[in-house]
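Undergrad: Before anything else, here's the structure in question.
All of the numbers you see were taken from the coordinates with simple rules; none came from a lab. Quick caveat: nothing in here was measured; it's all calculated off a predicted structure. Please note: Cβ atoms are built from the backbone with ideal geometry, for glycine as well, and neighbour counts cover all protein chains shown.
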Amino acid sequence: MEFVDLRSDTVTKPTPEMREAMAEAEVGDDVYMDDPTVNALQEKAAEMLGKEDSLFVPSGTMGNLLALLVHCQRGDEVIVGDKSHIYVNEAGGMSALGGIHPHPLKNQTDGTLALDEILAAIQSEDVHHTITRLICLENTQNACGGVVLSADYMRAVGKIARENNLSLHVDGARIFNAATALNISVKDLVEPADSVMFCLSKGLVSPVGSMLVGTKKFINRARHLRKMVGGGMRQAGVLAAAGLISLEKMSTRLGQDHARAKKLFEGLNQVQGLKLDAFGSSSTNMVFFNLADEVKLSVDQIIEEMKKHGVLVDWAGPRRFRLVTHYWVDDAGVEKAIKAFAAVMK
């Protein structure tokens, strides 16, 4: 059976064009910094995001960890959302590997951290306190519905950071989705940030890899730390070749995924037993919903029944689902998913 896979945009497989480019990629040894395809990818990523330099890393989690390790010393504090990927889903790396203390603030329903709460969280200079060094934002904000943080909000947080001698890091795993939804360039969206991580292996369809961007000094230190944590790759141009296609071509088509997510939302909103989160102008490629109280099926039962209909889904809580559209989900796949849910919920 051919499955429609809505579990995540991490399930995307490389396109035929990517596979061909990977097979023909010119390679070197990236630890020696002489892999030409990796170098081209890093130059392209820095240019597109308006930063001085960038670094190819195996995963978004590693990219975020490197940023935290560069910006903070052991015992320093980072302000971060309580629903952020860095705080919830990265295995406590900032604390375990960096000795960095997280100061979680409540993510608002729109994905933001309240500006007054950010200001209040900045520690005063007191020997009893940790030293606040960094603010982390996530854009799009995954756990809040894949919602977009606006350019105005990003600038407001950047202003707070500058006025308080802090750095601003953006976990931009899906930053190109955010820029697409806002109809602005990704460069303008991340202009206030000192560093940004974004994933090639989600909506941008590459099989592996993420990018970390920032100043040349920042990236030089991050490269050293990448080697320390085991991320120094050799003939990585085989992977970087797909990343170049992600930046040049896949970044321009994300609106299709957003449109299909809206279509999926509209169809599922008619299915009895599903209580959908709102899908608005700040939504991107994710649809979230809860099961109504009267539904007796468990999430695990629904996952198994959906699989019988050729649709793969994953839970996001005891009574909650997240569906994610991507390159490999077409209009027919959306219709198949809607019909499958309608059948299963009966």
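Undergrad: Can you tell me the mean projection area, over all orientations, of the convex hull of segment 67-159's alpha carbons? Units nm², please.
TA: Values: hull surface 23.7 nm².
With every direction weighted equally, the projected area is 5.9 nm².
Undergrad: Between segment 69-112 and segment 150-199, what is the separation of their alpha carbon centroids in Å?
TA: A separation of 17 Å, based on Cα centres.
Undergrad: Still on this structure: Summarise the long-distance tail of P(r) for segment 1-87 by giving the % of C-alpha pairs beyond 22 Å. Before the final figure, lay out each step's value.
TA: Details: 1892 of 3741 pairs.
Beyond 22 Å sits 51 percent of the P(r) for segment 1-87.
Undergrad: Efficiency by 1/(1 + (r/R0)^6): what FRET value for GLN270 and GLU304, r their Cβ-Cβ distance, R0 = 25 Å, to the nearest 0.05?
TA: 0.60
Undergrad: Here's a follow-up. I need to check one value: relative contact order of the chain, counting alpha carbon pairs closer than 8 Å and at least 6 residues apart, in percent.
TA: Details: 697 pairs, mean separation 86.1, N = 346.
Computed over the chain, the figure is 25 percent.
Undergrad: In whole Hz and in residue order, list the ³J(HN,Hα) couplings for segment 200-213 that follow from phi through the Karplus curve 6.51 cos²θ - 1.76 cosθ + 1.60, θ = phi - 60°; x for Gly and Pro.
TA: 8, 9, 9, x, 8, 6, 5, x, 8, x, 9, 10, 10, 10
Undergrad: Let me check I've understood the local charge: for GLY81, count other residues with C-beta under 12 angstrom from its C-beta, Lys and Arg +1, Asp and Glu -1. What total comes out?
TA: Working: positive: LYS83, LYS106; negative: ASP82, ASP110, GLU117, GLU138, ASP171.
Result for the neighbourhood of GLY81: -3.
Undergrad: How far is the Cα center of segment 233-271 from the Cα center of segment 1-16, in Å?
TA: With segment 233-271 and segment 1-16 each reduced to a Cα centre, they are spaced 11 Å.
Undergrad: First select every other residue whose beta carbon is under 9 angstrom from the beta carbon of ASP35; then total the charges, Lys and Arg +1, Asp and Glu -1. Walk me through the numbers on the way to the answer.
TA: Values: positive: ARG234; negative: GLU26, ASP29, ASP30, ASP34.
Computed value for this residue: -3.
Undergrad: Around GLY232, with a cut-off of 9 angstrom between Cβ atoms, what is the net charge of the other residues, counting Lys and Arg +1 and Asp and Glu -1?
TA: Working: positive: ARG223, ARG226, LYS227, ARG234; negative: ASP30.
Net charge around GLY232: +3.
Undergrad: Binning every alpha carbon pair distance of segment 13-251 at 5 Å from zero, what are the percents per bin?
TA: 1, 7, 15, 20, 20, 16, 11, 6, 3, 1, 0, 0
Undergrad: HN-Hα J couplings of segment 102-116 from phi, Karplus 6.51/-1.76/1.60, θ = phi - 60°, integer Hz, Gly and Pro as x?
TA: x, 10, x, 10, 5, 6, 5, 4, 8, x, 7, 9, 4, 4, 5
Undergrad: Binning at 10 angstrom from zero up to the longest distance, how are the C-alpha pair distances of segment 130-231 distributed in percent?
TA: Cα pair-distance distribution for segment 130-231, in percent: 15, 44, 34, 8.
Undergrad: Could you name the lysines in cross-link range of LYS217, using Cα to Cα under 19 Å and dropping any fewer than eight places away on the same chain?
TA: LYS217 reaches LYS44, LYS51, LYS227.
Undergrad: Moving to a separate point now. Mind jotting down the distance between the C-alpha centroids of segment 30-54 and segment 281-307, whole Å?
TA: Answer, in whole Å: 40.
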